[in-house]
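Presented below is the structure to which this report refers.
The values are calculated or read from the model by the stated rules, or taken from the named source; none is laboratory data. The model shown is predicted, which means the values in this text are computed figures rather than measured ones. Glycine gets a Cβ as well: all are built from the backbone with ideal geometry, and neighbour counts include every protein chain shown.
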Amino acid sequence: MIKLFHVISDTNIGGAGTLLLNYLANADRQRFAITVVLPRGSALVPRITAMGIPVIETEHGHDRSRERGAAAEFRRIFRAERPDIVHTHSSFSAKLAAWQVGIGVRIYTRHSVFPPPKKLTTFPGRQISGLVNNTLSTHIIAVAQAAADNLTDTGVGPRKIRVIVNGVEPMTPPTADARRALRASLGWGDEHFVVGMSARLEEVKGHRYFLDAAASLAAQDDKMRFLIIGTGACEAELRAQAERLGIADRVCFAGFVTGVADYVGSMDLIVNCSFGTEATSLALAEAMSLSRPIVATTYGGNPYMVEDGVNGYLVPIKDAPALAEAILRVRRDTEQYTALCEGAYSRYIERFTAAAMTRQMEALYTEALGENAAHTKSK
């Protein structure tokens, strides 16, 4: 069997952790003997061990890509275990250690999209960054074309990159009674049109533009309601904004929720307002599995996920009026709304299932092992 190690630095379950869990749930465990290396006490540990997958917990790397002593700890693990493939997620120390130990296949996933600083796109920073990434990783997975563009902009060779978009397990839709009960708990009924966001309450996620759009929409349609799932540093500021706009009675800040499918299933439309970091949004993919249409900004990987008039609409970043106009367009055209719902589910099945992502990742593993074997033989 092929000995495959995944290394992740997350202590909580974020986007990278969810992607890893989705892969593990669909992995070919007849071909791959998988071990996950992650920080001691990570919230991922019980989820992974429940799948029957071995875990190695480390003393270093708690939400840190690099840390003094981490590379040495990873070197000890890799020398003792001798994996055929090391696949890292947000752990520079593990990438470095795998190269130092001589692991033949070293794969790294770039999970985020953000404008790289000028020092990494110009001489000599670009050359140094490219040298480091091209040396430490034999292959790099970008979870969106925009992430691949970030990598090439900072000197990574395009042949080294494979775009494999995030895949998610389908959500189980709530029953009509469960949907009605959840809405009732929020003070809403079947007659309301609920527009939602599911994202960390951080500046780059663009919630304030969502609330500005919500104020405009509420003035035009008294049946509109707005649901925000998530927690973060901007929560107090956003609550104050809703009060200032006079829409606090129309907006629910649900915080962290465990039954996400019920909340997303209670929405009629989901919105993504990101302008600073977004690859392939797991929240949008999950909503599409529930046949929910999308209005999203043109940032990052969103244009790959949303096609105007097929499963939703795209709008410019930081443009509350355009956002409100697109939402109202979906709201007012019942026939088009039905078509967008169908388009959302079709696109999910075509592009964003966890099974499809897993097949592509394992095809890359096989290809990379073949390349490494050929390279070793030629020496």
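Filtered by the rule that a residue be surrounded by fewer than 24 Cβ atoms within 10 Å (Cβ to Cβ), touching a Leu at 6+ places or on another chain (Cβ under 9 Å) and aliphatic (A, V, I, L, M), the range 303-323 gives Val310, Ala320.
Of the set (1) surrounded by fewer than 19 Cβ atoms within 10 Å (Cβ to Cβ); (2) on the phi > 0 side of the Ramachandran plot; (3) modelled with pLDDT under 95, all apply to Gly300 but (1). From the list Thr49, Thr58, the lone residue that is out of contact with any Gly (no Cβ under 6 Å at 6 or more places or on another chain), of a type in the set (S, T, N, Q) and surrounded by fewer than 15 Cβ atoms within 10 Å (Cβ to Cβ) is Thr49.
Of all the residues in the range 160-195, those that are more than 20 Å from Asp222 (Cβ to Cβ) and in contact (Cβ under 8 Å) with a residue 40 or more places away in the chain number 15.
Of the helices (runs of 4 or more DSSP H) lying entirely inside the range 266-379, the ones with 1 or more residues being among the charged types (D, E, K, R) and within 30 Å of Pro115 (Cβ to Cβ) are found at 282-289, 320-332, 334-351. Thr18 satisfies every condition listed in (1) assigned to a helix (DSSP H, G or I); (2) within 17 Å of Ile85 (Cβ to Cβ); (3) among the hydroxyl-bearing types (Ser, Thr, Tyr) except (2). Scanning the range 246-258 for residues that are more than 18 Å from Ala184 (Cβ to Cβ) and surrounded by fewer than 17 Cβ atoms within 10 Å (Cβ to Cβ) turns up Gly246, Ala248, Gly255, Phe256, Thr258. A single entry from Glu325, Glu342, Glu371 fulfils the requirement of being farther than 30 Å from Leu217 by Cβ and among the acidic types (Asp, Glu): Glu371.
Within the range 301-335, count every residue that is farther than 22 Å from Ala144 by Cβ and touching a residue at least 24 places away in the same chain (Cβ under 8 Å). Of the residues in the range 301-335, 7 are farther than 22 Å from Ala144 by Cβ and touching a residue at least 24 places away in the same chain (Cβ under 8 Å). Scanning the range 195-211 for residues that are surrounded by fewer than 20 Cβ atoms within 10 Å (Cβ to Cβ) and not in a loop (DSSP other than H, G, I, E, B), we see that the one that is farthest from the chain's Cα centre (by Cα) is Arg208. Contact annotation: residue pairs with Cβ atoms under 7 Å, 6 or more positions apart or on different chains, pairing a residue in the range 58-74 that is of a type outside the set (Ser, Thr, Tyr) with a partner that is in a loop (DSSP other than H, G, I, E, B) and loosely packed, with under 15 Cβ neighbours inside 10 Å, are Glu59/Arg40; His60/Gly69; Glu73/Glu59. Residue count for the range 24-52 satisfying the condition of being without any contact (Cβ under 8 Å) to a residue 24 or more places away in the chain and farther than 22 Å from Thr353 by Cβ: 5. Note on the range 90-185: enclosed helices (runs of 4 or more DSSP H) holding 1 or more residues that are surrounded by 18 or more Cβ atoms within 10 Å (Cβ to Cβ) are 92-101, 125-136, 145-153, 176-185.
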